[in-house]
Amino acid sequence: MNFIAMDFETANHLPHSACSLALVMVQDSKIVGEYYTLIQPETEFFWRNIQIHGIHPEDVRTAPKFPEVWQNIQPYFHQNGLIVAHNAAFDTKVLSGCLDYYQIKQPQYLSLCTVRTSRKLFPEMKNHRLNTVCDQLSIELKNHHDALEDSRACAEILLYQEAHFGVEPLKKLVTIK
């Protein structure tokens, strides 16, 4: 499989408040690259979000704003590109929110959610949160809510599912964004 695993962390509840992003690149079912950046959101931080991910306003003071980040990652978001996230509804909403906020054209790409694939393939799990799925599949997740750690874990979940179930049940859950 070829795909990009994506994870955002946000400064608050607003969909354009991305404060970090990670991408993990997978080619031929192997992790071949990683991208991580802090992002300077043009909005305030909410204390609860800081509590979850540990990113403070001072951490992003000199970080690039989203348009600069988009210049680096845009090539991954194309019509036949598969973007995977654990709870993809959240991460695609953040991406879309950032693009809208900066009046950047929305790309068309393929999307797959590993929460959905996990629900389908592992219905017996008590829940399908990232840390639960990782624990059940013996996938290392050292620092949950670190965008790079979460992206890596998401990639490993999908690779595990491909190895144990093949690509056919996964293909049925791909959507077009």
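The values are calculated or read from the model by the stated rules, or taken from the named source; none is laboratory data. In this text the structure is predicted, and so the values were computed from the model without any measurement. Reconstructed Cβ throughout: ideal geometry from the backbone, glycine too, with neighbour counts over all protein chains shown. Just so you know, the surface numbers come from the protein's heavy atoms only, side chains and all, with ligands and any DNA or RNA stripped out. Shrake-Rupley method; radii C 1.70, N 1.55, O 1.52, S 1.80 Å.
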Here the qualifying pairs (Cβ atoms under 6 Å; residues six or more apart or on different chains; first in the range 92-121 and over 16 Å from Phe3 (Cα atoms); second open to solvent by 50 Å² or more (accessible area, probe 1.4 Å) and aromatic (Phe, Trp, Tyr)) come out as Leu121/Phe165
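Select from the range 18-42 the residues that are more than 14 Å from His56 (Cβ to Cβ), of a type outside the set (Asp, Glu) and assigned to a loop (DSSP other than H, G, I, E, B) and list them in ascending order. Walk me through how you get there before you give the answer.
Keep residues of the range 18-42 that are more than 14 Å from His56 (Cβ to Cβ), which gives 18, 21-37, 42.
If we keep only those that are of a type outside the set (Asp, Glu) too, we end up with 18, 21-27, 29-33, 35-37.
If the condition is that a residue be more than 14 Å from His56 (Cβ to Cβ), of a type outside the set (Asp, Glu) and assigned to a loop (DSSP other than H, G, I, E, B), then Ser29 is the only one that fits.
Yes/no per residue for (1) open to solvent by less than 20 Å² (accessible area, probe 1.4 Å); (2) free of Cβ contacts under 8 Å to residues at least 40 places away in the same chain; (3) assigned to a helix (DSSP H, G or I):
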residue	(1), (2), (3)
Thr132	yes, yes, yes
Gln136	no, yes, yes
Ile139	no, yes, no
Lys142	no, yes, no
Cys154	yes, no, yes
Leu159	no, no, yes
Pro169	no, no, yes
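Out of Glu44, Glu34, Glu58, I need the residue that is within 16 Å of the chain's Cα centre (by Cα) and surrounded by fewer than 19 Cβ atoms within 10 Å (Cβ to Cβ). Which one?
On the way: Glu44 fails: within 16 Å of the chain's Cα centre (by Cα); Glu58 fails: within 16 Å of the chain's Cα centre (by Cα).
On inspection, the qualifying residue turns out to be Glu34.
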Taking only the range 1-16 into account, find how many residues are over 18 Å from Leu130 (Cβ atoms) and buried (at least 24 other Cβ atoms within 10 Å of the Cβ). 1
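Kindly indicate which of Ser96, Ser118, Ser111 is of a type in the set (Ser, Thr, Tyr), surrounded by 15 or more Cβ atoms within 10 Å (Cβ to Cβ) and more than 23 Å from Pro169 (Cα to Cα). Give the steps one after another, and end with the answer.
Working: Ser118 fails: more than 23 Å from Pro169 (Cα to Cα); Ser111 fails: more than 23 Å from Pro169 (Cα to Cα).
Just a single option satisfies the conditions, and that option is Ser96.
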Inside the range 65-91, can you point out the residues that are touching a residue at least 60 places away in the same chain (Cβ under 8 Å) and among the charged types (D, E, K, R)? Asp91
Residue match in the range 56-79 (condition: modelled with pLDDT under 95 and in a loop (DSSP other than H, G, I, E, B)): yes
Could we say that Gln103 is open to solvent by 30 Å² or more (accessible area, probe 1.4 Å), more than 13 Å from the chain's Cα centre (by Cα), among the polar types (S, T, N, Q) and modelled with pLDDT of 95 or more here? yes
